[in-house]
Amino acid sequence: MTNPAAAAAETHAEESAREYLAFTLGREEYGIDILRVQEIRGYESVTRIANTPEFIKGVMNLRGTIVPVVDMRIKFRLGEAVYDQFTVVIVLNIGGRVMGMVVDSVSDVTTLVPSQIHVAPEVGTALDHQYLIGLGTLGERMLILVDIDKLMNSTDMGLIEGMAA
């Protein structure tokens, strides 16, 4: 016989579970809210725009929409950006704006419940803590969960002003 309280708790846990797209940058695995992902594409060369920060690789034409493309390896200073068959562009839709994010590879979509998300410790990292949701744990696997809305809308990214101009 099923315990109604346990069933209600399980339903609540399922409701608060969120899905994250897992991707790699260097040796680390990151996760972003799957609801922000429009599509995943293989890396193609982009058109460079003069006087943009080095981490903004340029723009690409996505079915008639000009999309700025950010290389997260360069942005987070994670070493030399190497483009190979695994390099992908995650096309994001954030607040009605479409932008691309270059990452080393994409692995899977992971579902996490709140009990699997822990506060990130205050240690030196390439990613400012204000852009972190926390650390998602799946057994021995750990995902650095990024608040992609805050990151892409931040002034140091320079995307919003540049796109509005």
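The values are calculated or read from the model by the stated rules, or taken from the named source; none is laboratory data. If you're wondering where the values come from, they're calculated on a predicted model, not measured in any experiment. Cβ placement follows ideal geometry from the backbone for every residue including glycine, while neighbour counts extend to all protein chains displayed.
Data table
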quantity	calculated
Residues of region 82-108 satisfying the condition of being over 12 Å from the mean Cα position of the chain (by Cα) and under 18 Å from GLY136 (Cβ atoms)	SER107, ASP108
Subset of region 124-139 (residues that are farther than 20 Å from ASP33 by Cβ and modelled with pLDDT of 85 or more)	GLY139
Options ARG27, ARG73, ARG41, ARG63: the member that is surrounded by 13 or more Cβ atoms within 10 Å (Cβ to Cβ), over 23 Å from THR155 (Cβ atoms), among the charged types (D, E, K, R) and out of contact with any helix residue (DSSP H, G or I) (no Cβ under 8 Å at 6 or more places or on another chain)	ARG41
Filtered residues of region 42-65 (kept if farther than 15 Å from ALA81 by Cα and more than 20 Å from the chain's Cα centre (by Cα))	THR47, ARG48, ILE49, ALA50, ASN51, THR52, ASN61, ARG63, GLY64, THR65
Close pairs from region 50-79: first more than 15 Å from GLU39 (Cβ to Cβ) and of a type in the set (S, T, N, Q), partner modelled with pLDDT of 90 or more and assigned to a strand (DSSP E or B), Cβ under 9 Å, at least 6 apart	THR52/GLY58; THR52/PRO68
Per-region count, region 43-70, residues assigned to a strand (DSSP E or B) and of a type outside the set (Val, Ile, Thr)	6
Single residue of region 140-165 satisfying the filter (at pLDDT below 90 and assigned to a loop (DSSP other than H, G, I, E, B)) that is surrounded by the most Cβ atoms within 10 Å (Cβ to Cβ)	MET157
Conditions (1) under 30 Å from SER115 (Cβ atoms); (2) aliphatic (A, V, I, L, M); (3) in a loop (DSSP other than H, G, I, E, B); number of the one not met by ILE40	(3)
Selected residue (only one of GLY79, GLY31, GLY26 is under 30 Å from THR111 (Cα atoms), at pLDDT below 90 and under 16 Å from the mean Cα position of the chain (by Cα))	GLY26
Which numbered condition ILE94 misses (of (1) modelled with pLDDT of 90 or more; (2) closer than 17 Å to LEU25 by Cβ)	(2)
Total residues in region 108-123, condition closer than 26 Å to GLU39 by Cβ and either basic (Lys, Arg) or surrounded by 15 or more Cβ atoms within 10 Å (Cβ to Cβ) (or both)	3
